[in-house]
Amino acid sequence: NKLPIFNGEMILDHKFITISLDKPNSFDIWMRLSTSNKGKLINIPCKRNNRFNHWLEQGILKQALGVRIINDIIRIHLYIDVPDPENKINGNSLGLDIGKNSLFTCSDKQKEIINIHGWSIDKIVRKLAGKRKGSINFRKSQEHRINFINWSLNRLDLSKTRELVIENIVDLKKGKSMKRMMDHWTYPIIFDKLGRLCQENCVQLTKVNPAYTSQKCSSCGHIAENNRSGIKFKCQKCGFICDADLNASINIRARSLESRTLVGSFH
């Protein structure tokens, strides 16, 4: 008999879990999950990472935490109380484009980098698309994707940023040829991580209309479908040449500035 496959999401709150940080062995975090069988507990050993230690040094770990299970992948969320960061009065507005071939490209030229093992988000998504759903390798690839997204976005420098501007992406899973690939491009994971990074760095997160940001020339404003060809952007009107994702991120940033200008004109 095969074990049942859980497809969906389940969240367990602090009523079902306790945490211990002082076990003297190779595992320095222990989670204890309660079960429907009275007196029966599930012990889950974990290891701290640098990011966890960074926040633990600045705050206090709370017992009120949660466990999220998504499609058979168990993710444990720890909550640490830290002092509120100082509000950023000064700072820049930064546009960020989430691409199909690159995880992100920013208007200040920050972008996804390939890790030391040669992995990029495009390579991981292609690997995931070739796995059978529900298989062990499929679930491992899902976890690989999540870990890479977190690793890559953790390298985003927001120290001089007051506002991060992204596209309000709703649904890009259209068209048969790209559907299988886009099914594995999990935008909610990316948005969730960006939201947490903005909260941690006291940065305002702004979502703008994504229409024509990839077709518009950031130099002259001309919009044409054939301005973009793959990873290259060349304006058919003024001849401006640029990395396509960088051009889009500049337009995304400009769209937020345009919105504030229009709102101000009515006051």
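Beta carbons closer than 8 Å, at least 6 apart along the sequence or on distinct chains, pair a first residue in segment 29-41 that is surrounded by 10 or more Cβ atoms within 10 Å (Cβ to Cβ) with a second that is among the polar types (S, T, N, Q) and in a loop (DSSP other than H, G, I, E, B) for Leu41/Thr35. The conditions are (1) at pLDDT below 90; (2) assigned to a helix (DSSP H, G or I); (3) under 15 Å from the mean Cα position of the chain (by Cα), and His184 fails exactly one of them. Which is it? Answer for His184: the failing condition is (2).
Taken together, Lys140, Lys131, Lys127 contain a single residue that is surrounded by 15 or more Cβ atoms within 10 Å (Cβ to Cβ), without any contact (Cβ under 8 Å) to a residue 40 or more places away in the chain and assigned to a helix (DSSP H, G or I), which is Lys127.
The values are calculated or read from the model by the stated rules, or taken from the named source; none is laboratory data. Please read these numbers as outputs of a predicted model, since none were measured by experiment. No Cβ is skipped: glycine too gets one built from the backbone with ideal geometry, and neighbour counts run over all protein chains shown.
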